[in-house]
Amino acid sequence: MNSKTTYFKDIYALLKGLKTVQPLSGNFHIHKFSDTPNTWVKETSIFRSNTYSIILLNKGEAKYKIGLSEYHITDGSIYFQAPQHLRYFNRLSDWDGYVIVFMDSFFEDHPTLKQLITTFEGFKIISKVVVPLEKHVLEETKQMFQHLYNISYSNSANRFDKAKALLELILLQSTEHYKLLYQNLKETKQNRIVKQFEQIVEEHLYDITQDKVERLITISEIAEQINVNATYLGEVIKKVTGKTPKEILSDRIILEARSLLNNTNMAINEIAYFLKFQDASNFTKFFKLKTGVSPSEYRH
């Protein structure tokens, strides 16, 4: 079974799925929202994409769900998405701004850019992904995006090399503002445990989509990785989130199931085995218990 069926496999598939423009290339793309005024979808289903994205929202409003986190994004924000992120958005108003999309292959031959991307917190599987920008920073960032846009659509033979340099500059600035906004926030022991728990869950579900694990992780195994006992873990998670660890893990499995049902032609029994259920019957019972409908009813 091809594990990459769980998400849009490349830039072409992503932009086609979102009903936008044709990409500039197979490993890098940029466009303005104003380039696609009547085509960009208002609301998506839950999906994965084997791409990185950086979106500058000058004006507009949206609800985003990225993994276990939900965001209300408004004017003057820059936000980040990586291949590990399970995504959903609902556009609440017209958007003005820029979208950058790129693949691993775009920065593999550029060590400095690769280092920036692989270490940037906004691309991590459990991190804040939205950075609100002050007015003067927003104006400076808009200029960089516009310059990148102009270069990318120019006739320059070196336009993509120049694009890498400009993307590096954007990420350097983003790293600086990300640290100012989030790095000095104090974190309690309980919040740290919740973050560790969520990270393990997200990484495990991503590993499932990459066919790197043979079975679902247990709550006891997660507790062992965090170095706490399962009872204490349950108490902390319930206190901070209002849900039990099992409920959170189940919710994430449901999100993956919905993504597969929405975005692939995999049969129900294939999805069941893909998500490490013993058989399709167990998966169907689990899905119906959590959603109120069977997988086949949800798909239709």
| note | Checked segment 92-105 for anything of a type in the set (A, V, I, L, M, F, W, C) and buried (at least 16 other Cβ atoms within 10 Å of the Cβ); matches are 95, 99, 100, 101, 102, 103
| task | Output the qualifying pairs, or none if there are none: Cβ atoms under 6 angstrom, residues six or more apart or on different chains, first residue in segment 254-276 and more than 19 Å from residue 9 (Cα to Cα), second residue buried (at least 18 other Cβ atoms within 10 Å of the Cβ) and modelled with pLDDT of 90 or more. | result | 268/295; 272/283
| field | Filtered residues of segment 106-121 (kept if out of contact with any Phe, Trp or Tyr (no Cβ under 7 Å at 6 or more places or on another chain) and either loosely packed, with under 12 Cβ neighbours inside 10 Å or among the β-branched types (Val, Ile, Thr) (or both)) | value | 108, 109, 111, 112, 118, 119
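Just checking: which of the strands (runs of 3 or more DSSP E) contained wholly in segment 33-91 hold 2 or more residues that are touching a Gly at 6+ places or on another chain (Cβ under 6 Å), open to solvent by less than 10 Å² (accessible area, probe 1.4 Å) and under 23 Å from residue 148 (Cα atoms)?
Numbers: elements: 52-59, 62-66, 69-73, 77-81, 87-91.
Per the criteria, 52-59.
How many residues, within segment 279-300, are free of Cβ contacts under 8 Å to residues at least 12 places away in the same chain and closer than 19 Å to residue 247 by Cα?
To start, the set of residues in segment 279-300 that are free of Cβ contacts under 8 Å to residues at least 12 places away in the same chain comprises 279, 281-282, 285, 288-289, 292-294, 297, 300.
Applying the additional criterion that residues be closer than 19 Å to residue 247 by Cα yields 282, 285, 288-289, 292-294.
Residues in segment 279-300 being free of Cβ contacts under 8 Å to residues at least 12 places away in the same chain and closer than 19 Å to residue 247 by Cα: 7 in total.
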| Exactly one of (1) free of Cβ contacts under 8 Å to residues at least 40 places away in the same chain; (2) in a loop (DSSP other than H, G, I, E, B); (3) under 17 Å from the mean Cα position of the chain (by Cα) is unmet by residue 118. Its number? | (2)
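Against the condition touching a strand residue (DSSP E or B) at 6+ places or on another chain (Cβ under 9 Å) and open to solvent by less than 40 Å² (accessible area, probe 1.4 Å), how does residue 259 come out, does it pass? Outline the logic, then answer.
Numbers: touching a strand residue (DSSP E or B) at 6+ places or on another chain (Cβ under 9 Å): yes; open to solvent by less than 40 Å² (accessible area, probe 1.4 Å): yes.
Yes, satisfied.
In the set 236, 240, which member is surrounded by fewer than 17 Cβ atoms within 10 Å (Cβ to Cβ), farther than 15 Å from residue 289 by Cβ and without any contact (Cβ under 8 Å) to a residue 60 or more places away in the chain? Write out each step before concluding.
Details: 236 fails: surrounded by fewer than 17 Cβ atoms within 10 Å (Cβ to Cβ).
Exactly one residue qualifies, and that residue is 240.
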| Quick check: anything in segment 222-232 of a type in the set (Phe, Trp, Tyr) and open to solvent by 20 Å² or more (accessible area, probe 1.4 Å)? | yes
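Does residue 154 qualify as being over 21 Å from residue 51 (Cα atoms) and either in a loop (DSSP other than H, G, I, E, B) or out of contact with any helix residue (DSSP H, G or I) (no Cβ under 9 Å at 6 or more places or on another chain) (or both)?
On the way: over 21 Å from residue 51 (Cα atoms): yes; either in a loop (DSSP other than H, G, I, E, B) or out of contact with any helix residue (DSSP H, G or I) (no Cβ under 9 Å at 6 or more places or on another chain) (or both): yes.
Taking the combined requirement at face value, the residue satisfies it.
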| task | Please go through segment 173-189 and pick out each residue that is open to solvent by 90 Å² or more (accessible area, probe 1.4 Å) and not in a loop (DSSP other than H, G, I, E, B). | result | 176, 179, 180, 183, 189
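Checking the conditions here, which among 210, 196 is crowded, with 17+ Cβ neighbours inside 10 Å and modelled with pLDDT under 95? Spell out the reasoning first.
Numbers: 210 fails: crowded, with 17+ Cβ neighbours inside 10 Å.
Exactly one residue qualifies, and that residue is 196.
Any residue in segment 188-208 that is hydrophobic (A, V, I, L, M, F, W, C) and within 23 Å of residue 148 (Cβ to Cβ)?
Keep residues of segment 188-208 that are hydrophobic (A, V, I, L, M, F, W, C), which gives 193-194, 197, 200-201, 205, 208.
Narrowing the set further to residues that are within 23 Å of residue 148 (Cβ to Cβ) leaves none.
Looking for residues that are hydrophobic (A, V, I, L, M, F, W, C) and within 23 Å of residue 148 (Cβ to Cβ), one finds none in segment 188-208, hence no.
The values are calculated or read from the model by the stated rules, or taken from the named source; none is laboratory data. Just so you know, these numbers come straight off a predicted model, no measurement behind them. Cβ coordinates were reconstructed from backbone atoms using ideal geometry, including for glycine residues, and neighbour counts include every protein chain displayed. The accessibility values were calculated without ligands, DNA or RNA, using every heavy atom of the protein model including side chains. Shrake-Rupley method; radii C 1.70, N 1.55, O 1.52, S 1.80 Å.
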